[in-house]
Every structure is written in structure tokens, then in C-alpha cells.
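Nothing in this text is a laboratory measurement; each read-out follows from the coordinates by a stated rule. This one's a predicted model, so the numbers in the text were calculated from it and none came from an experiment. We place every Cβ from the backbone using ideal geometry, glycine too, and count neighbours over all the protein chains shown.
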Amino acid sequence: MASPSSIHSKPIAFSRPRRYIGRKGPLSSALVAFCLLFVLSVRWKNSNSQQSNHIFYSIDIVNEFPHDPQAFTQGLLYGGNDTLLESTGLYGRSSVRKVHLKSGKVQRSYKMDRSLFGEGLTLFGDRLLQVAWLTKTGFTYDRYNLSKIGSFSHPMKDGWGLATDGKVIFGSDGSSTLYQIDPLTWKAIKKVVVKYNGREIPYLNELEYVSGDIWANIWQTDCIARISQESGLVLSWILLHELRQNLLKSGNMGIDVLNGIAWDEINKRLFVTGKLWPKLYEIQIRPVISPLNGDIAELCPIRAL
């Protein structure tokens, strides 16, 4: 486990690597045109290939913060000024809360009805939007005092994850479908099936919008998929196995699955945690050579639908 002083890697840019044409000496215009057409053809094929752009990332731990070990984290987002906004689950224990980042202290909380199981959470303007498990009903809250404002009906089969780019709402329902939803009408604008190497990736759980892409916890794995919102293709995998392993080694045997991604857009900080985890982590990602030959079934075992 790395300490802040031991991390020297630079933050990873999430754009795809560029390809360059190098040449020695003059080339004829015909040859230049041929080379250009060839490169454009390769780029087009690569942009439509599952194999070409898949990159695996490991992590470095920048900071560790306390996290309520009783919080069954379902939705997480950065609220500014070193605060987090969090949705927790379990019947009789579900809540929406404002949490101080550095201390882990719950500063404000709204307790949900005992019949509801809280799930994903996102911030749209001054409204917090939350979905609930096994229902197509969602709820809105004031972002400052967490008072409940109203409810809405969404088009997903179930409520799992929410995220936004400030224009549309992205949603997941535990399947391999990533939804784009109109925040005014709550009708589905677009749906894409998330795939990797031609295989559907189910159990999309908590979502976060990060630098133009959708990041999704894959339920019951220690992996986050970075997904193209346009095509649904998995662009890369972030492997976080060491976080769970370190917690178990420290005697935290009651932890549940990895879940919760929060992105601080202004300061470019990335936070993750899990259900019933006593810690929340600020992390940086770094590319690694594809472990286990990039076999996602081995790296992130996903049950078949």
C-alpha cells in the first residue's frame, strides 16, 4: 500500500494514444496519399475493434479516509468543499447523507422509509436524484439540507446506478444496459449494451461520469469498467483487488463488495469505497501490462445472466 510521499506517477490522461507517421526523406505524393489512406483505414478499424483500445489499470493509493463501516454504500459523489454525498441501502437502514471527507463524519442525513432500499445517487443542479432497488420510482432531495422534494418514475427495469454529465442522466438497472435519460421527462433517450470482446457485461452497478466516459462498478467484482457512453464498449478496466485484500488482512471480515465512485472534477481527485467498508480511498490509476492475458473472466469473474 503506497503512501502519498511514495507515489511518483503522474495522473493518467484518459484519451486514447495517438499514432504518428514517421518518414525519412521525401516521398512521392502518391505514396503519401497511400500511406495516409492506410493509416486512416487502420484507425477506423481500430475504433471499431474491441481488442485495440483495451487497457488495464492498477491503482496507487494517494490517501485513506475513515468511512462509516455501517454504511451499505450504493451511490457516491463528490459534493465540493471536501464533502461527499452518499446513498446507503438495506431495508430499515437506507439513507441519503452528507459526509465530511477527511473525518468520515456524517454531517447531515435523511432516513428513508423502512420499505425502501436505497440505491444510486447523482447531483443534477441543486437536486439530488436517487433510485431504489426493485422499483421504478426515484426520489429528489435538496442538495443542501437533504429534505425530500418529490419523486419520479424512470424507464429502467430496476434502480441500481445514476450519474450525469449535467445534460442527461445515465442509469443502470443491474443488467448490461446503460441508459441515457431525459432529466425533464424521465424518458429514455438512448440505450446501449455494454460489451467487452463481444461479450455483454452485466451487473452494471454504481456509476460515475469521469472526463467524458462512464465508470461503472461491476457488482460482485473488484473491477471498474470505463465505458464509452456512445457505443457501450468497455474502453478499459481498473483493477482494485488490493483494496479488498488489504482490508481483509487487517481483520475487516464483515466487508461487502466494492461499490462507490466519486470524481472531484475541479481538483481531479478520484475516490472509491465499498459496502460496509471502514475506509474510503483517494486513488490514482496507472496502466499495467494485461495480466492473465487480459482474460476478463479470470480478472473480474462475472456470473452469466
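Ranked from highest to lowest mean number of other Cβ atoms within 10 Å per residue, what is the order of the peptides 261-271, 123-133? Write out the running numbers ahead of the final one.
On the way: 261-271: 16.7, 123-133: 20.4.
Highest to lowest by the protection proxy: 123-133, 261-271.
With the cut-off at 1.5 for a/c, could you classify the stretch 54-299 from its C-alpha gyration tensor as rounded, prolate or oblate?
Details: a/c = 1.58, a/b = 1.13, b/c = 1.40.
Verdict is oblate for the stretch 54-299.
A straight Cα-to-Cα reach below 19 Å connects Lys136 with the aspartates and glutamates Asp113, Glu119, Asp158, Asp173, Asp182, Glu206, residues fewer than 8 places away in its own chain not being considered.
Could you grab the Rg to Rh ratio for the stretch 46-152? Cα atoms only, Kirkwood for Rh.
Details: Rg = 16.5 Å, Rh = 15.2 Å.
That ratio is 1.08, to two decimals.
Pairs Lys148/Lys279; Lys157/Lys190; Lys102/Lys275: which exceed 23 Å Cα-Cα? Display every interim value, and only then the final one.
Details: Lys148/Lys279 28 Å; Lys157/Lys190 15 Å; Lys102/Lys275 18 Å.
Table pairs above 23 Å Cα-Cα are Lys148/Lys279.
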